[in-house]
1. If you roll a 1.4 Å probe over the heavy atoms of the protein chains, what accessible area per residue do you get for the stretch 31-154, in Å²?
2. As I understand it, the dipole of the stretch 31-154 uses +1 on the Cβ of Lys and Arg and -1 on the Cβ of Asp and Glu, about the Cα centre. Which of F43, F87, A117 lies farthest toward its positive end?
3. Out of all Cα-Cα pairs in the stretch 31-154, roughly what percent, to the nearest whole number, are more than 24 Å apart?
4. Would you mind computing, in nm to one decimal, how far apart the modelled labels at F74 and R140 are, each placed 7 Å from Cα along Cα→Cβ?
5. I'd like the carbon and sulfur percentage of the solvent accessible area for the stretch 31-154, probe radius 1.4 Å, heavy atoms only, ligands and nucleic acids excluded.
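The values are calculated or read from the model by the stated rules, or taken from the named source; none is laboratory data. What you are looking at is a predicted structure, and each value in this text was computed from that prediction instead of being measured. Using ideal geometry, Cβ is built from the backbone for each residue, glycine included, and neighbour counts are taken over all protein chains shown. Note: areas computed on protein heavy atoms with side chains; ligands, DNA, RNA excluded. Shrake-Rupley method; radii C 1.70, N 1.55, O 1.52, S 1.80 Å.
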Amino acid sequence: MDPGPTDLGVVDPFPPPPSSPQQQQRKPPSRYESQKRRDWNTFLQYLRSHRPPLSLARCSGAHVIEFLKYLDQFGKTKVHATGCTYFGHPNPPAPCVCPLKQAWGSLDALVGRLRAAYEENDGVPESNPFGARAVGIYLREVKESQGRARGVPYQKNRKKKKKRKLLQDTAAATSGGEASLSPAVGASIADDATGARNSSAFAAAMSSSEAGEGSRATPAGSSSSS
């Protein structure tokens, strides 16, 4: 009996090409990467729509600030004006006519993503407009003004406080018996003690070397005197 072409014993003359290791290991982009790509495309679209049109090479920190202000119209954070009754009120009891803006945290994260995207797209780090000093100053002003307007001043990063405390504890432990002093003084004393030990060892080595040279030079001196 002639086996049909669908039997398992029949070899497919045109097997599918094997998938490459890159295709097998390729993973979907992370949420951060996807958001960064969307932000970058939005910024490029903004440059094309700019009047007059603006190229990426001519973009400066001032243009980045202009872009951040442009995004305020799409914001969802209520920022009370100075003359508003609820200025500085964290939980206003009634609505007001103050505008919605982009929250400081959103702008800060956006600038970070665009700064990375700029360099990933062959941008020179030294001329990165998103890392310009003016942009940092603008973000700091937005942070402080929104904190006053909303009555919720932003706290400093707790991770930095923990890291600073860890360094202080390490300095105090290094100082040994001087742990009762302040961490900075204790660390300084520990450094001085280490330097003193190194200096003593160096001086001892130099004395030993000089003594050896003197003992070797004595026979020469006695020979000359004789």
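1. Values: 7580 Å² over 124 residues.
Result: 61 Å² per residue.
2. Value: F87.
3. Values: 2546 of 7626 pairs.
Counting every Cα pair in the stretch 31-154, those more than 24 Å apart make up 33 percent.
4. Output for this residue pair reads 2.8 nm.
5. On the way: 4000 of 7580 Å².
Within the stretch 31-154, the accessible surface is 53 percent carbon and sulfur.
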